[in-house]
Amino acid sequence: MLRHRRLGTRASHDVGIVGCGFAGAATAVFLARAGHRVTVYERVPEPGAVGAGILLQPTGLAVLAELGLLAPILARGAEVAALRARTHGGREIFHLRYERLAPGLFGIGTHRGALFDTLLAALREAGASLRPGIEVAGIAAEAARPRLLGADGLAFAEHDLVLVADGARSRLRGASSIRHRARPYPWGALWFVGEDPERRFAGTLSQVCDGTEHMLGCLPTGLGAGNGAMPLVSLFWSIRVDRIADWRERGLAAWKQTLIRYEPRAEPLLTQIRDADQVLVATYVDVVMRRLHRRRVGFLGDAAHATSPQLGQGANLALLDASAMAAALREEPDVERALARYDAARRAHVRFYGLASRWLTPFFQSRLRWLAPLRDRGFPLLAGIAAGEAQMLRTLAGVKRGVLRRSQPTAALCAALTSPRGAAAASSPP
């Protein structure tokens, strides 16, 4: 029989969360504040964010506002008003401005570490227990309370509810008996975070495409984690995974010259790279799960629906998962029914963005060179039609719920981003 205690009219559960990434940490904050007993297990002894810049869309920012964490993200991040892509020859592919969807909307470019540090501090303040250096090798989900198994196969903890948020390469997903697919993308990216004192890339995520095999991007990333005061930019270069070793062997000089030809403004960033070890290598996985739960075990974030980074939705989907899980447990005291409610709330949204990502990626990262002319001519035509531009902006902002479903209204997002707390942070330049 499920054991839980009551706080007023709401049930309080003992929740175990596997993984302290964005999805796991945000969910822990929501649930601990709601009165649940929360334990977060993280296999890394010293948890921290790995990677470079991310683009937080209005939907993700609205969740941070719901958590009361928007102000520090605005203070450390860089406001992004538009996304722009052009060909190597200078032809504009698209120029999407958030304000064309709704006045007051914007994205935030930030370092992964800045978001992680903010969530981790909130997790600890909320009273959730973080247990680093513990790897969960399996889950015995058949018991009345799911049991967490160590590498030796023995149970070391049990909870009313277990939430799996251990990333795109989750081992627990494969052991869940839920029908799923996880395929590594053949393309990845090289990332470098550099200083941009002149703010050459302020306000816009700028991308340059040469066919479908070469793409350079520069994302303003704010002030980064910690107490730094220098504006940062995240530079990324698309690369096939099987060519990363060759890139290392060729050295930096030729690579830098290629990037400067594509984007002369990037030269000051590239001069900061003195060693290949300064460049981060990111690879991606496409994950599809038929269901997001089984019995009293649920899946969130990249463990449930990782995609390529083309739409810039990974962190936003993770934050929305956390909000939906908290709402489901708030509205339904029974764990299994709450998980079913969470699944129903998230299914259409994550499926749409998974499909959209798989459809869009080959136009920017593939060997299908014939797609480049279609992209270079078709995207400007689509963006030039009011209805087409609106669909592109809704997809970018994260409010699409499906191909034929009504999109999420933008009024609530605008209200969240222009709240007194958020407005104060946004109006105070770093």
Item checked: D_trans [Stokes-Einstein, Kirkwood Rh over alpha-carbon pairs] for segment 273-425, 37 °C, 0.692 mPa s, µm² s⁻¹ -> 183 µm²/s
Notebook entry, point to check: Residues with amide H under 5 Å of VAL38's amide H, sequence separation 5 or more or different chain, H placed in the peptide plane at 1.01 Å from N; which?
Noted result: VAL15, SER129
Next item on the list: Leaving out ligands and nucleic acids, note down the accessible area per residue over the chain with a 1.4 angstrom probe, in whole Å².
Entry: 44 Å²
Checklist line | Solvent-accessible area, 1.4 Å probe, carbon plus sulfur percent, for segment 282-430 | finding: 58 percent
Check: For segment 37-143, what relative contact order do you get, as a whole percent, if you take Cα pairs closer than 8 Å and at least 6 residues apart?
Finding: 47 percent
Checklist line | Rg [Å, one decimal], Dmax [Å, integer] - the chain, C-alpha atoms | finding: 21.5, 66
Check: When the accessible area of segment 118-182 is split by element with a 1.4 Å probe, what percent falls to carbon and sulfur?
Finding: 46 percent
Margin query: Taking 0.36 nm per residue of sequence separation and subtracting the Cα-Cα distance, how much length would be gained by fully extending the chain between GLN391 and ARG97, in nm to one decimal?
Written below: 104.6 nm
Next item on the list: Could you give me the radius of gyration and the Dmax of segment 6-76, taking only the C-alpha atoms into account and expressing both in angstrom?
Entry: 14.2, 43
Notebook entry, point to check: What would the Debye formula give as log10 I(q)/I(0) at q = 0.18, 0.19, 0.20 Å⁻¹ for the alpha-carbon point model of segment 1-121, no solvent?
Noted result: -1.00, -1.05, -1.11
Next item on the list: First measure r as the distance between the Cβ atoms of ASP242 and ASP334, then evaluate 1/(1 + (r/R0)^6) with R0 = 51 Å and state the FRET efficiency to the nearest 0.05.
Entry: 0.60
Note to self: Between ALA253 and ARG369, what is 0.36 nm times their sequence separation minus the Cα-Cα distance? Round to one decimal in nm.
What the structure shows: 39.1 nm
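The values are calculated or read from the model by the stated rules, or taken from the named source; none is laboratory data. Everything numeric in this text was worked out from a predicted model, so none of it was measured. Cβ coordinates were reconstructed from backbone atoms using ideal geometry, including for glycine residues, and neighbour counts include every protein chain displayed. Heavy atoms of the whole protein, side chains included, go into the accessibility calculation; ligands, DNA and RNA do not. Shrake-Rupley method; radii C 1.70, N 1.55, O 1.52, S 1.80 Å.
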